[in-house]
Every structure is written in C-alpha cells, then in structure tokens.
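These notes are about the structure you will find just below.
The values are calculated or read from the model by the stated rules, or taken from the named source; none is laboratory data. Just so it is clear, the model here is predicted, and its values are computed rather than measured. Quick reminder, even Gly has a Cβ in these numbers, built from the backbone with ideal geometry, and neighbours come from all protein chains shown.
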Amino acid sequence: MRLLKTGRWITVVGLSLLAAVYVRALAFTPVERTQGVAQKIFYLHVPAAIWTETGMILVGVASIFYLFLKDPRLDRFAEASAEVGMLFGTIVLTTGPIWGKPIWGTWWTWDARLTLTLLLFLMYVGYLLLRGAVTEPGLRARYAAVLGISGMCLVPFVHLSVYMFRTLHPQPIVLKPSAPSLPGAMLATLAFSFLVFTVLYVGFVTQRYALTLLREQTEPHA
Amino acid sequence: MPENTPYMVTAYIITAAILIGYAVFLYRRTLKP
C-alpha cells in the first residue's frame, strides 16, 4: 500500500533527523548557566508537549467535522492522531519529572500545569479505551468523536494554566504573545527539534491511518 | 553542573526508546494487520 510506504519513509527520515537533533542539542548548543545540562531536556520535552496538545486539537477538529459529514476518513485520522498524541504525552510525562528532580528537587507536584497535562494524557487513554470497547463502527466513531471534542476543550486550559494558576512550572518562553526569550542558538535547536517532531507525527499518523485502512479491507466489519 | 548529566542522559535515552519502539511496533503491526 502506497500510503503505508510513504508513512514508513517519513518515519525513517524523522528518526534519522532525531539523531541530528541529539547531536546538535548535546554538542552544539550552549549549556544554560543556572540549570546546567539538565536544561537540554527542554529540547525534547517542549516539542513533545506542543504535539501532545496539537494532536488532541486535531482529534477534536476531525471529530467535529466527522459528526457533520460522517466521513470515515476523519474518524480514521482522529484515531491515528490520538494514538500518536498519547505517545508524545508519554514523552512529556517522563522527561518532565526527570527535569523536575534536579531543578525543583521533586519528581512530581500536583500543580495546575502538571495535573492538567496528566488529565490530557488520561483523556487520550480514555479515548483509545472507548474505541476498543465499542465494536459497532458507526457507534464507536460517534462516541469517540464526542470524547475527542471534550479532549480538545481541555487543551487551552493546559496551555494557559501557567497564567491562570500559581504553578511551579515555568511560564512559556516561546509560545507567548511577546518575542521568545531564548538565545538564538537555543531557539534554533528548539525549532529544529520541533520540525523533527512534526515529521515524526506526520510519519506515525500516516502509518497508523494506513493500518486502520488495511484492517478495514481485511475485516470489513472491524 | 555535572551532577545533572545522568538526568539528561536518561531523558534522552527514554525519548529515543519511546520513539524508536513505537516505530518498530507500528512496522510489525502493519506487516500483519
């Protein structure tokens, strides 16, 4: 299948570029003065977090359109985006505490940003569990769409939680109304990493979409 | 701050493992859908 091969190639390119991100972040990006090398976790944590949030927004948008148009392509895309979004959420929830321990002195704290990110991750888990629990395709797509839209509504609260509540989590330093407060070399590494995570998201979603399509062809009532 | 290095190395290894692991998992799943 052509779509599957395309997805595989995009993923291979993404993983190769990820190696380049590692080299650039570790060898060619300056060490931050107060946090030391632990700050370099930021180059993986932030792009993963952006795609965890964007992945759920795309699930929600596809779900809204699905409810109006009943186009199965939208449902397939929502499912693929949810699985990949959950994967990036796993990266966020593992790299975050690993950074938090040396910088905050604790792995986890129940502050607004962390708790809401965990809730977003659990929305992804719930979404995928719901899809696994309903066997009738039309019903599954409709129920999942409602949950996907609910998940999308959570994203602004996750992103703005650092402004709305007093949190331990740092304020946004790139995705904010004013200019990014990062030196050029660090910003370039972050932008490169974000680009690579975008390539990986596209590659994974394309493959996951193709997998659903293959399953539908082999088991027409799946 | 050399004492931070193990944290950074762990985070980088875990991220690579998750991404490569999922790529392999997807590849194997698409071989036998």
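Take the conditions of a type in the set (S, T, Y), facing chain B (nearest Cβ under 10 Å), outside any helix (DSSP H, G or I) and more than 17 Å from the chain's Cα centre (by Cα) and apply them to A:T34. Does it pass?
Judged against the criteria, A:T34 is a match.
Among the candidates A:T167, A:T95, A:T198, which residue alone is modelled with pLDDT under 95 and among the hydroxyl-bearing types (S, T, Y)?
When all the criteria are applied, what remains is A:T167.
If you take the residues of the range A:59-85 that are among the aliphatic types (A, V, I, L, M) and buried (at least 22 other Cβ atoms within 10 Å of the Cβ), which of them is farthest from A:V205 (Cα to Cα)?
A:A62
Residue-by-condition table, conditions (1) touching a Ser or Thr at 6+ places or on another chain (Cβ under 7 Å); (2) assigned to a helix (DSSP H, G or I):
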| residue | (1), (2) |
| --- | --- |
| A:M56 | no, yes |
| A:R73 | no, yes |
| A:G85 | yes, yes |
| A:P102 | no, yes |
| A:W108 | no, no |
| A:F121 | no, yes |
| A:Y124 | no, yes |
| A:R131 | no, yes |
